[in-house]
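Enquirer: Okay, handing you the structure first.
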Number of protein chains: 2
Amino acid sequence: MMPGHRLTLSKRAASMPASPIRRLAPLAEAARKAGRTVYALNIGQPDIATPQVILDRLRAYHDGCVPYGPSQGLPEFIEALRTYYSGLGLALDAGQIFVTTGGSEAIQFALGAICDPGDQVIVFEPFYTNYNGFAAMTGVVPVPVPARAEDGYHLPGRKEIEAKVGPRTRAILICSPGNPTGTVYTDAEIETLAAICRERGLYLIADEVYREFVYDGRKHRSVLTLPGLEQQVVVVDSVSKRYSLCGARVGNIVSRNRALMDALLRFGQARLCPPTLGQFACTALTEVPAGYIPGVIAEYQRRRDVVHEALAGVPGMVARKPEGAFYSCARLPVDDANAFAEFMLRDFQLDGETVAVAPLDGFYATPGLGKDEVRIAYVIEEPKLRRAMRVIIAALAAYPGRVPAAARG
Amino acid sequence: MMPGHRLTLSKRAASMPASPIRRLAPLAEAARKAGRTVYALNIGQPDIATPQVILDRLRAYHDGCVPYGPSQGLPEFIEALRTYYSGLGLALDAGQIFVTTGGSEAIQFALGAICDPGDQVIVFEPFYTNYNGFAAMTGVVPVPVPARAEDGYHLPGRKEIEAKVGPRTRAILICSPGNPTGTVYTDAEIETLAAICRERGLYLIADEVYREFVYDGRKHRSVLTLPGLEQQVVVVDSVSKRYSLCGARVGNIVSRNRALMDALLRFGQARLCPPTLGQFACTALTEVPAGYIPGVIAEYQRRRDVVHEALAGVPGMVARKPEGAFYSCARLPVDDANAFAEFMLRDFQLDGETVAVAPLDGFYATPGLGKDEVRIAYVIEEPKLRRAMRVIIAALAAYPGRVPAAARG
């Protein structure tokens, strides 16, 4: 063989980050194998039961094979989504909905249709870590604008945001209710973003997959309601969190921009179609009982309270009460949140139990930020969640790299 | 609003081709709405029944929700795949199998892990049209080496192939049994490709999703059997065609290159996981009766004969007998295969029936090639297939752009 200099992988592969959510999976696996119970608060994997009508529909699958569907999604599922949006006061045509393989593909397609390699997208950090992965895959450059834990991760002022708009800026990408922050942007914040996008000719890409999960009587403002921004707004959506269907890999994009929808169709044709089985099951979503979503919201709000009350009692901890989604971000009194997360899985147990959390540095684009922060997903039932929080607090006390409260800035 | 110069889409979106397989879907839909029967020979959507054990497994889905699985695939499904490969004489570790969202994602991930934007991959044209789409999405440049209809689309000589290897060449990408050609590369051809890859330090990416479908007693040679090429071989696979599960979106990559598998895992983590429901159903593939695949092969071979006999009788037609897969490529005596395909859907019927085929120009990278060629997928049952072939032949006689046999080169 000639010098195997070509037998490397791509720079893209080298730059592709490991998921901070899933990176600790082998340690969690080892802890489980060693007989410990591991509460998985690292991944946004809801445990709440999927509506029975959806599972029943799946089990009634009657075709003799599982054929490709249309690249833009099954018409029956698109109709079900139209009914769902209509219930939110959003009137949409079938041609304004494009079904994707989960919210993941929706983000990737939206970025790919709007940006070329080297183009920039403004994000507010901490942001959903996989935006980094999609950016690496599409060559898009995330330009972070820091949001502060002390402000509950709400947006900085308009000038701070506009200072980041440059000649290669193509879009602002938001997630509200926020993953990982649990922050719900106010009407005023959404309108500020809209004004910037309107004036600077940017797309506003909004990941709204947690839209139902807002607490304490808050209301979620969809960017689809923004007047005069119809051509610039792109909504990323998914049934994953709403109905505990993460593994179905069924998401969608909403846009009123016909050229964009046409590009999505061509992207979609290359991968043929989104999963037929998940879409088929979700044709039943119009029959989900009216009480289902309010019940889920009440459950998550109770869990949010359990997490918040536990964290609030720890000296040196910074953790605002989340307003939505099912995540809490916390600044821990530790030297290194990665080391602490590994410590919990490898070296710690309380009555045979331990916890997996997601270190937050991978949710930042600015190097050095998030080193002492973690994301906690409250996706297990209350009694277990209480035990998990006890484990975290005991682990903090036992962790050798604990930083005294007085030593922190 | 400021000058909306930014409100364009990306060059990537502009360069993304419409699928020649799905481009004619609106015309076919219109024909159906007008009451005509349309035989869909344009898309490789098998009609053969999925093994009952797989559908039964799906209907027995018992979880209360549909959770994310591991990014590399469900362990139970990976085990089932190991058993499947073992039956082919291929001993694989679980860590050498990475489950993807269909063969589509497998190709995209393989290209993404090996190539940076601007890197080149050698393909033999006509090739699976969606390679163009994946290339546009990943910025990879397909470098075509023409294969000729008159040679049954077998490989050109080694020198012709090597002449295309340049400093940015990273891989050779093949599909055998071939989509769209139906060509099955011989042992000698596979070994020639292996020798080139070995000597020039290239990856050999082989799309083997049709491996079972070889006719007239031929044997398929998997690139996984090539000695000394373990680090360079990447196999793209899928359950879609084998078990008529196209809509399940379950494929996989096989590679013995650990660095590559590690990169795939990081790519996979960004999109979380492949579809859980399709994988769950496919855990039953070890229980598929032994007679299932031979029965499918026999059925496709009979259909292949129906198509070939029909085409062989048309003056001015060039159509070799396909050796595998379920496609036939044909050079038609027409001025423009796209116009002819549209003519069949828009302007033609025989006893209320017409046919959709895939024009072949979109399966070439060299401009101008394939203008008079089509791909016919024999994925409907024999009596219908006979009628569809009658339609095509009658349409050729009625088509205004027919080229007299004597006028062709």
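The values are calculated or read from the model by the stated rules, or taken from the named source; none is laboratory data. No experiment lies behind these values; they were computed from the predicted model shown. Here Cβ is always computed from backbone atoms with ideal geometry, including for glycine, and neighbour counts include all displayed protein chains. Side chains are part of the model used for accessible areas, which takes the heavy atoms of the whole protein and leaves out ligands, DNA and RNA. Shrake-Rupley method; radii C 1.70, N 1.55, O 1.52, S 1.80 Å.
Enquirer: May I ask you to say which residue of A:Ala298, A:Ala319 is in contact with a helix residue (DSSP H, G or I) (Cβ under 6 Å, 6 or more places away or on another chain), more than 27 Å from A:Thr100 (Cβ to Cβ) and away from every other protein chain (no Cβ under 13 Å)?
Expert: Criteria check complete, one pass: A:Ala319.
Enquirer: Hey, another quick one. Report yes if some residue within segment B:273-281 is farther than 30 Å from B:Gly87 by Cβ and surrounded by 20 or more Cβ atoms within 10 Å (Cβ to Cβ); otherwise report no.
Expert: no
Enquirer: Okay, next question. What is the number of the single condition among (1) farther than 24 Å from B:Asp237 by Cα; (2) facing chain A (nearest Cβ under 8 Å); (3) open to solvent by 20 Å² or more (accessible area, probe 1.4 Å) that B:Ala13 does not meet?
Expert: Unmet condition: (3).
Enquirer: Restricting to segment A:282-291, what's the tally of residues that are assigned to a helix (DSSP H, G or I) and open to solvent by less than 40 Å² (accessible area, probe 1.4 Å)?
Expert: So the answer is 4.
Enquirer: When the residues of segment B:225-258 are filtered to those that are open to solvent by 10 Å² or more (accessible area, probe 1.4 Å) and part of a helix (DSSP H, G or I), which remaining residue is farthest from A:Glu105 (Cα to Cα)?
Expert: B:Thr225
Enquirer: Out of B:Ala40, B:Ala106, B:Ala49, which single residue is within 19 Å of A:Leu277 (Cα to Cα) and aliphatic (A, V, I, L, M)?
Expert: B:Ala49
Enquirer: Take segment B:236-262 and flag every residue that is of a type in the set (Ser, Thr, Tyr), more than 8 Å from chain A (Cβ to nearest Cβ) and touching a Gly at 6+ places or on another chain (Cβ under 9 Å).
Expert: B:Ser238, B:Ser240
Enquirer: Related question: Here are A:Leu360, A:Leu350, A:Leu385: which of them is without any contact (Cβ under 8 Å) to a residue 60 or more places away in the chain and out of contact with any Ser or Thr (no Cβ under 8 Å at 6 or more places or on another chain)?
Expert: A:Leu350
Enquirer: Can I ask one more? Of (1) away from every other protein chain (no Cβ under 13 Å); (2) open to solvent by less than 50 Å² (accessible area, probe 1.4 Å); (3) under 24 Å from A:Lys321 (Cα atoms), A:Asp187 satisfies all except one. Which?
Expert: (2)
Enquirer: Let me ask another. So is A:Thr169 in contact with a strand residue (DSSP E or B) (Cβ under 6 Å, 6 or more places away or on another chain) and of a type in the set (S, T, N, Q) or not?
Expert: yes
Enquirer: Which condition number in (1) under 25 Å from A:Leu74 (Cα atoms); (2) touching a Phe, Trp or Tyr at 6+ places or on another chain (Cβ under 6 Å); (3) not aromatic (Phe, Trp, Tyr) is the one that B:Gln232 fails?
Expert: All conditions pass for B:Gln232, except number (1).
Enquirer: Do we have B:Ile48 as more than 8 Å from chain A (Cβ to nearest Cβ), crowded, with 18+ Cβ neighbours inside 10 Å and at pLDDT 95 or above here?
Expert: Criteria not met by B:Ile48.
Enquirer: Are any of the residues in segment A:266-273 within 30 Å of B:Arg23 (Cα to Cα), in a strand (DSSP E or B) and touching a Gly at 6+ places or on another chain (Cβ under 6 Å)?
Expert: No, segment A:266-273 contains no residue that is within 30 Å of B:Arg23 (Cα to Cα), in a strand (DSSP E or B) and touching a Gly at 6+ places or on another chain (Cβ under 6 Å).
Enquirer: Let me ask you something else. B:Arg302 passes all but one of (1) open to solvent by 30 Å² or more (accessible area, probe 1.4 Å); (2) over 30 Å from B:Ile54 (Cβ atoms); (3) within 23 Å of the chain's Cα centre (by Cα); which number fails?
Expert: Going through (1) open to solvent by 30 Å² or more (accessible area, probe 1.4 Å); (2) over 30 Å from B:Ile54 (Cβ atoms); (3) within 23 Å of the chain's Cα centre (by Cα) one by one, B:Arg302 breaks only (2).
Enquirer: Does A:Gly295 satisfy the condition of being within 18 Å of A:Pro46 (Cα to Cα), in a helix (DSSP H, G or I), of a type in the set (Gly, Ala, Ser) and in contact (Cβ under 8 Å) with a residue 12 or more places away in the chain?
Expert: Taking the combined requirement at face value, the residue does not satisfy it.
Enquirer: Across segment B:190-224, what is the total count of residues that are more than 14 Å from every other protein chain (Cβ to nearest Cβ), within 23 Å of B:Gly44 (Cβ to Cβ) and assigned to a loop (DSSP other than H, G, I, E, B)?
Expert: Result for segment B:190-224: 12.
Enquirer: A follow-up question, please. Determine if segment B:27-45 includes at least one residue that is surrounded by fewer than 23 Cβ atoms within 10 Å (Cβ to Cβ), within 11 Å of chain A (Cβ to nearest Cβ) and free of Cβ contacts under 8 Å to residues at least 60 places away in the same chain.
Expert: Yes, some residue in segment B:27-45 is surrounded by fewer than 23 Cβ atoms within 10 Å (Cβ to Cβ), within 11 Å of chain A (Cβ to nearest Cβ) and free of Cβ contacts under 8 Å to residues at least 60 places away in the same chain.
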